[in-house]
Amino acid sequence: MNLAQFHYLVAIMVYRVFKNEKKIMIKILHAVMQLAALGFAITALVAVFSAHNDGGIANVYSIHSWLGLATVVMFGLQVGTIRRVWSRFILILYRRVLLRKTLP
């Protein structure tokens, strides 16, 4: 098991282990672990592609490598989409709070 898979599994288990903690802290820890998993997966892909290029081995020559690449791409899209949605949600909440404080 590599570091990306380990962090992904830990991110899932965060919700089970810390049931009695504040929900926002659990979500932040979950997001950090998910981003770490994505970072490790991208680092692993870069290492594999550079090793293949240095050794003269063809890249993505099997169904296993295509499925792995597709999985990392879909995981990256999922994490990126969730981050954009949450950032817009926080911006909307911030604007509402800011407008509420400035208006009588």
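The values are calculated or read from the model by the stated rules, or taken from the named source; none is laboratory data. The model shown is predicted, which means the values in this text are computed figures rather than measured ones. Here Cβ is always computed from backbone atoms with ideal geometry, including for glycine, and neighbour counts include all displayed protein chains.
What's the total number of residues in the stretch 1-55 that are within 17 Å of Ser65 (Cβ to Cβ) and touching a Phe, Trp or Tyr at 6+ places or on another chain (Cβ under 6 Å)? Before you say what the answer is, go through the steps one by one.
Residues of the stretch 1-55 that are within 17 Å of Ser65 (Cβ to Cβ), as a first pass: 2, 4-5, 41-55.
Of the ones still in play, those that are also touching a Phe, Trp or Tyr at 6+ places or on another chain (Cβ under 6 Å) are 4.
The number of residues fulfilling the criteria is 1.
Could you grab the pairs with beta carbons closer than 8 Å, sequence gap of 6+ or different chains, first residue in the stretch 75-89 and within 12 Å of Ala31 (Cβ to Cβ), second one part of a helix (DSSP H, G or I) and of a type in the set (S, T, N, Q)?
Val79/Gln34
Just the residues that are in contact with a His (Cβ under 9 Å, 6 or more places away or on another chain) and among the small types (Gly, Ala, Ser), please, taken from the stretch 1-40.
Selection gives Ala11, Ala36, Ala37, Gly39.
Quick one: in the stretch 9-52, of everything that is among the small types (Gly, Ala, Ser) and at pLDDT 85 or above, which residue is surrounded by the most Cβ atoms within 10 Å (Cβ to Cβ)?
We begin by selecting, within the stretch 9-52, every residue among the small types (Gly, Ala, Ser); these are 11, 31, 36-37, 39, 41, 44, 47, 50-51.
Next cut, at pLDDT 85 or above only: 36-37, 39, 41, 44, 47, 50-51.
On the way: Ala36: 17, Ala37: 24, Gly39: 13, Ala41: 22, Ala44: 16, Ala47: 10, Ser50: 10, Ala51: 10.
If we take residues in the stretch 9-52 being among the small types (Gly, Ala, Ser) and at pLDDT 85 or above, then Ala37 is surrounded by the most Cβ atoms within 10 Å (Cβ to Cβ).
Residues that are of a type in the set (Phe, Trp, Tyr): which helices (runs of 4 or more DSSP H) entirely in the chain hold 3 or more of them?
Details: elements: 3-17, 23-55, 63-102.
Fully inside the chain and qualifying: 3-17, 63-102.
Pick from Phe75, Phe89: which is surrounded by fewer than 11 Cβ atoms within 10 Å (Cβ to Cβ) and under 27 Å from Val10 (Cβ atoms)? Talk me through it step by step, then tell me what you get.
Details: Phe75 fails: surrounded by fewer than 11 Cβ atoms within 10 Å (Cβ to Cβ).
Among Phe75, Phe89, only Phe89 is surrounded by fewer than 11 Cβ atoms within 10 Å (Cβ to Cβ) and under 27 Å from Val10 (Cβ atoms).
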